[in-house]
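Where a number appears in this text, it was derived from the coordinates with a stated rule and is not lab data. Here the structure is a predicted model, which is why all the values come from computation and not from measurement. When we count neighbours, we look across all protein chains shown, and the Cβ atoms used for this are built from the backbone with ideal geometry, even at glycine.
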Amino acid sequence: MNRLIFLILFFSSLTQLSANQDTVAYSLDEIVEFSLQNQPIFRQMRLQEDIADAQVKSDMSGWLPQAGIFADYFRYFEQPVAIFPDFNNPESGEFQEVRTGVPFNSNVNFFVEQSLFNNELFLAKGQADLRRKEAAYQVEESKLDLILEVGRAFYETLLSQEQIRINKEDLARQERQLKDARLLYEAGITDNIDYKRATITLQNTQAALFEAEQDYKARLATLQERSGISHPIELVYDEERLIYQSSLDTLEAVDAGKRPDYQLLLTRQDLQDQEVSYFRRRYIPTLSAFFNYNIIYQTPFGNEIFNRAYPNSLAGFRLNFPIFQGGRRNHDIRAANLEYEQLKFAEEGLLLQINREHEEALSGYKSRFYEFRILESNKQLAEEIYNTVSLQYEEGIKNFLEVIQAETDLRTARINYYNALFRMMTSRLEVLRARGTIDVNLYD
């Protein structure tokens, strides 16, 4: 039996060791950098720039010569009929029906066409850089949102991780207290009240630890989803550095020009302005040059169709000039102008939204910062109280109930402190997101 227990513990330790070897430690910057390279949804979004570039190049390819070949082969079962005047007696007014062509026909045509003046191509050229900018701003906005979401999930997971650490420390200390209380009780020095109180406190801490561990698993899964990490991880941070970085200029005004969503809206206004110009130019003609080279095969016998060719070639210009389209151009111009006006109204609404988001984020940061300073002081006071009460208990001045109360206050103060710290850092990140000042280039 003892050997079986030993084997179980041995293999369990090996499994735990293997799991620890596979666990990778990440700071916030490292996990954000990993997210921007591996998060599936963001990787999908990053393709938008390549898609926009390919679409622009596709539209601009119309300025290059267009060449191609087409061919056909067909057989007449009933040949076409042409009507000619009576050539023997043209003045008679009589006509004669003559079947033309031969039953077997084939045609190979090679063509080259070059656009010289084309309104659609003018639109593609005017919108080319704007469409690339539009895609770039979309990706930048997604990058800021991803950094914010990963940062928020990181601090929430970090809070659960700290709760586990605090509860484990309390659990180790309370196990010693329970052992001491039991020895005192068994020695007849004290009654069983302190022993029972120590037992209750220990069980409460065990329950809190279990709850924190389950909460950590859920929050870690959320963080892994948002960051695209599939392997086991643990989170690391420098508490002093975090507190040092927590300061923020609360007097800085928000600059909408730094927000990618605002720049995206301005870019769409420019794109729509190009659309208005396009519809205004709808009256201009389309002009292109072309060259065709045709090879015609004809024969009355199918097996001889490619024995002889009848080539012809031609070159020229093709002009398409719209004269009357039922007022379509005017209606298109009006609709395009109204869409541009919609975007102007959207700009006013977005400016109000940006101001609201900044004020909400800034107010939240100020509240969290003030709360953190208060709870930081409370933690220091709780540590001093616990240390004093513990010494007084050992000297017989304080009873065990006061030790338990001081310990409970200390655990609550420490958890509240870390909760306030991480909430403050999340609020700081939200302010930077509202201002559009998160340094996205830091992770390139």
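For the stretch 327-444, the equivalent ellipsoid derived from the alpha-carbon gyration tensor has semi-axes of 59, 13, 10 Å in decreasing order. Rounded to the nearest 20, the size of the Cβ-charge dipole of the chain about its Cα centre is 580 debye, with Lys and Arg at +1 and Asp and Glu at -1. Quick one: Debye curve from the alpha-carbon atoms of the stretch 236-275 only, equal weights, vacuum; give me log10 I(q)/I(0) at q = 0.19, 0.27 Å⁻¹ to two decimals. At q = 0.19, 0.27 Å⁻¹ the computed log10 ratios are -0.70, -0.87.
Give me the distance between the Cα centres of the stretch 392-424 and the stretch 291-366, rounded to whole Å. After rounding, the separation between the Cα centres reads 71 Å. When the charge dipole of the chain is built from unit charges on Cβ atoms (+1 for Lys and Arg, -1 for Asp and Glu) and taken about the Cα centre, the candidate among Asn109, Asn89, Ala208 whose Cα reaches farthest toward its positive end is Asn89.
Computed over the chain, the percent of Cα pairs more than 38 Å apart is 58. Sequence-ordered 3J(HN,Hα) estimates for the stretch 431-439 from the Karplus curve with 6.51, -1.76 and 1.60 and θ = phi - 60° stand at 5, 4, 5, 5, 7, x, 10, 5, 6 Hz, glycine and proline given as x.
When you count the other C-beta atoms within 10 angstrom of each residue and take the mean per peptide, 423-431, 66-74, 331-339 line up highest first as 423-431, 331-339, 66-74. Remark: C-alpha extents of the stretch 16-143 on the principal axes read 109, 41, 19 Å, sorted largest to smallest. Take the Cβ-Cβ distance between Glu213 and Arg280 as r, set R0 to 45 Å, and report the resulting FRET efficiency rounded to the nearest 0.05. With R0 = 45 Å, the Cβ-Cβ based efficiency is 0.10. What residue among Phe42, Phe77, Phe87 shows peak mean-square fluctuation when the chain is described by a Gaussian network model with Cα springs under 10 Å? In this elastic network of the chain, the residue with the biggest mean-square fluctuation among Phe42, Phe77, Phe87 is Phe87.
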